[in-house]
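Just so it is clear, none of the values below were taken in a lab; they were calculated from the coordinates. Because the structure is a prediction, the values reported are computed rather than measured. Here Cβ is always computed from backbone atoms with ideal geometry, including for glycine, and neighbour counts include all displayed protein chains.
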Amino acid sequence: MSIHQAVTLDAEQTYARQYLDSLSLVERLHRLLLDVIKDEFERLGVLEINAVQALLLFNIGDNEVTAGELRTRGYYQGSNVSYNLKKLVDMGFMHHQRCEIDRRSVRVRLTDKGRDVHRVVSDLFDKHAEMLELDVLLGDGNLKTLNESLTRMERFWSDQIRYIY
C-alpha cells in the first residue's frame, strides 16, 4: 500500500467516524430536548402530559392537520402518532373532526388547553434563544451555519430515500 493510499484510507475512516459521531449527536440532542421539555413541565407541576406530546402540540400550533400531515410536514417523528393523538384528544388538549371530503381522515387542532401547552414550550424556546444569542459559541451567526449544515444533511437523507443509487 502506498503512502497516498494509506492517507486516503485514513481520511475516509476519519470522515466516516465524524459522520457516525454526528448521527449520535443528533440522536442525543433530540433526547436531551425531550428531557428539557419534561423538566420544564415538572417544574410547573404539569404532569399529565409527556414531552413528546408537548412537542407535538407545539409543532401543530395554530394549524389544523391530519395524522398523515404530521409525519409528512415533519411535525412529529415517531411511530405512535395515532396513540398520542388519541391520548391528547382524550385529555382535552386537541379537538378532532372527520374531514368532510375524505371521511376516513381525521383533522386535529389545539383546544385552549393545548394552546396553553404550546405557549409554555414557546416561552421556553424563546428563553433559550435569548440565552444562546449571547453565547460566544452559538451567537454571532454560528447557529445559522449549524442550521444550514443540518438542512443539507436533511436534504441528503431525503435524497437517499427517494433515489436509489
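Towards the positive end of the charge dipole of the chain, with charges on Cβ (+1 Lys, Arg; -1 Asp, Glu), say which of Val106, Val117, Leu29 has the farthest Cα.
Value computed over the given set: Val106.
Averaging over every viewing direction, what projected area does the convex hull of the Cα atoms of the chain cover, in nm²?
Projected area, direction-averaged: 14.2 nm².
Please compute the contact order of region 46-134 in relative form: average sequence separation of alpha-carbon pairs under 8 Å and at least six residues apart, divided by the residue count, as a percent.
34 percent
What distance in nm separates the two pseudo spin-label positions at Leu32 and Phe156, each 7 Å out from Cα along the beta-carbon direction?
Here the modelled spin labels are 2.1 nm apart.
Quick check on my link table: of Lys87/Lys144; Lys38/Lys144; Lys113/Lys144, which ones sit more than 31 Å apart, alpha carbon to alpha carbon?
Result: Lys87/Lys144; Lys113/Lys144 exceed 31 Å.
Efficiency by 1/(1 + (r/R0)^6): what FRET value for Thr111 and Tyr15, r their Cβ-Cβ distance, R0 = 35 Å, to the nearest 0.05?
0.15
What helices does the chain have that are whole DSSP H segments, at least 27 Å long along their own axis by Cα, and with mean Kyte-Doolittle hydropathy of -1.0 or more?
For the chain, where a helix must reach 27 Å along its axis and average at least -1.0, the hits are 3-43, 112-134.
For region 46-134, report the convex hull volume of the alpha-carbon atoms normalised per residue, in Å³, without decimals.
So the per-residue hull volume is 105 Å³.
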